[in-house]
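Scroll down for the structure; my scribbles are underneath it.
Bear in mind these aren't lab numbers, they're just calculated from the coordinates by the rules spelled out. Bear in mind that the values here come from a model prediction, so they are computed numbers and not experimental data. Cβ placement follows ideal geometry from the backbone for every residue including glycine, while neighbour counts extend to all protein chains displayed.
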Amino acid sequence: MHNYNMDKRTFLKNSAMLGLGSMISFPAIGKMVDAVAHLPAEAVASDEDFWAGVRGGYKLKPDYINLENGYYCIQPQEILMKYFRHIQEVNLQGAYYMRTVQFDNKYAAAKKLAELAGVSSEELIITRNTTESLDMVIMGMDWKPGDEAVMAEQDYGAMLDMFKQTAKRYGSVNKIISIPMDPKSDEEIVQLYANAITPKTKLLMVCHMINITGHILPVRKICDMAHSKGVPVLVDGAHAFAHLNFKIPDLNCDYYGCSLHKWLSVPIGAGLLYVKKDNISKVWPIFAEGGKKDDDILRLNHTGTHPPATDLTISDAIDFYNKIGADRKEARLRYLQNYWVDKVRDMKHLVLYTPSDHARSCAIANVGVKGMKPADMAKTLLDKYKIYTVAIDSAGVHGCRITPNVYTSTEDLDSLVNALKEMGA
């Protein structure tokens, strides 16, 4: 351990001497990871020197502390530079690239993504974001008047809007439940969904992680329950993929969609859709695709001309994610959230909208100041304390979502804690 600490200090000192214009590279991060490979992820989670090294691979805006990574996780410089090179190469080749290797390269990226997700490449496509992935399933089913769909009021607005449109267009019925902020057990949540299911239920949608609170739902148990009643399940994984360490088959779901510009740190413009093989033929694509069999997942992947450099960068982002390590990343993100939440949970002027059980959340949490509107709270945090968050004021949640990333330091979170403390004075 002594040699590891010496090597780590030397590495960080040398990195600092490189200057602001130099960034830590993949090989350098690889050496850092090798130095802690023998340690459990939970031990590395609190190693500020290690994560300071990871932070050195990012270029961060000095104007504010960014605690709104839930919308979009920026790329480390290594991935960003590779993205630029992909753009340059596509531009250099022009139509030749688009007419020759464009789709082969996209399929190769999708195959690598499928390996990360633990599914067959015949069941996964690259989309543009979570909304496209999930809306394709919602709007692509053969709805009949009276068919029912089950969802929660805490689900993402774009999906709820699509269910509303589907109901208006086809006469389907939406049954909306509400998830408790701090459930006593998984069974409490599962039973809420079970109670909403009837013989008319055609689809159940559930969040893997609720975007406004960070609440991780017992998706596997919900899927098993729904399947026992003959109901397929669509999972919104926007905030879980490459955030939590899991494989899609672990969930036993029928459909899974997410955005890759969130926790995988792919440039904006890429998401994934997983469709269990037996269900592919049941979904109408957004854009018609001729010449494909009904059970070919590529039938759902026609988007028209689309910037290919984003898709190419998926492979680079996966390499970075694997280099850091799924276990280490999840452990660090959970550590960061618990670090600040545990310091403020007993402050009487605050309201926490995230479960108290540490296993029910990871990076994301939500906190409100009693008597203060969320928009005013977010404005105060930014204007007075130089901390960027997002205000949430819906579905019983009235606070600011706090979302750190792997480059976030405990010093950043100390600034948040101090701000929240002062806001009650």
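Things to note:
- Think of the stretch 82-319 as a dipole: +1 on every Lys or Arg Cβ, -1 on every Asp or Glu Cβ, centred on the Cα centre; then among Met136, His227, Phe241, Met136 lies furthest on the positive end.
- Between Trp284 and Asp376, residue separation times 0.36 nm minus the direct Cα-Cα distance comes to 28.8 nm.
- Note on Tyr71/Ala158: beta-carbon distance plugged into 1/(1 + (r/R0)^6) with R0 of 22 Å gives a FRET efficiency of 0.95.
- For the stretch 82-319, the mean projected area of the C-alpha convex hull, equal to one quarter of the hull surface, is 12.7 nm².
- Counted by Cβ distance under 9 Å from Asn252, the other residues give a net charge of -2, where Lys and Arg count +1 and Asp and Glu count -1.
- When the chain is treated as a GNM with alpha-carbon contacts under 10 Å, the residue of Thr403, Thr100, Thr213 showing the greatest mean-square fluctuation is Thr100.
- Spin-label zone in the stretch 136-165 - amide nitrogen under 13 Å from a point set 7 Å from the Cα of Lys200 along the C-beta vector: 144-150
- Other residues whose C-beta falls under 10 angstrom from the C-beta of Ile318 contribute a net charge of -1, scoring Lys and Arg +1 and Asp and Glu -1.
- Amide H partners (placed H, <5 Å) of Val173, local residues excluded: Gly146, Asp147, Glu148, Ala149
- 19 Å Cα-Cα reach of Lys370 towards lysines, excluding residues that sit fewer than 8 places from it in its own chain: Lys343, Lys348, Lys379, Lys384, Lys421
- Charge tally in the Cβ shell below 13 Å around Cys207, where Lys, Arg are +1 and Asp, Glu are -1, Cys207 excluded: -2
- Size of electric dipole in the stretch 82-319: Cβ of Lys, Arg +1 and of Asp, Glu -1, about Cα centre, debye, nearest 20: 360
- Most fluctuating residue given options Leu217, Leu352, Leu60, as computed from a GNM of the chain linking Cα atoms under 10 Å: Leu60
- Put simply, the amide H of Gly271, placed in the peptide plane, has neighbours under 5 Å in Thr127, Arg128, Asn129, Leu260, leaving out anything fewer than 5 places away on its chain.
- Highest average packing first - 255-262, 82-89, 187-194, Cβ atoms within 10 Å: 255-262, 187-194, 82-89
- Neighbour-count order for Ser394, Ser172, fewest beta carbons within 10 angstrom listed first: Ser394, Ser172
- Each residue in Leu350, Leu272 was given a count of other beta-carbon atoms within 10 angstrom of its own, and listing them fewest first yields Leu350, Leu272.
- Choice from Ser120, Ser185, Ser356 with maximal GNM fluctuation in the chain (Cα, 10 Å cutoff): Ser185
- Around the Cα centre of the chain, unit charges on the Cβ atoms of Lys, Arg, Asp and Glu (plus for the first two, minus for the last two) sum to a dipole of about 440 debye.
- For the stretch 212-221, backbone phi angles converted through the Karplus equation (6.51, -1.76, 1.60; θ = phi - 60°) give residue-by-residue couplings of 8, 10, x, 5, 8, 8, x, 4, 4, 5 Hz, Gly and Pro being listed as x.
- Three-way shape label, the stretch 289-350, alpha-carbon gyration tensor, a/c 1.5: prolate
- Long-range amide H partners of His239 with built H, under 5 Å: Met209
- Counting neighbouring Cβ atoms within 10 Å and putting the fewest first, the residues Tyr335, Tyr72 line up as Tyr72, Tyr335.
- Contour excess over end-to-end distance, with Cα ends at Asp294 and Ala326 and 0.36 nm allotted per residue: 8.0 nm
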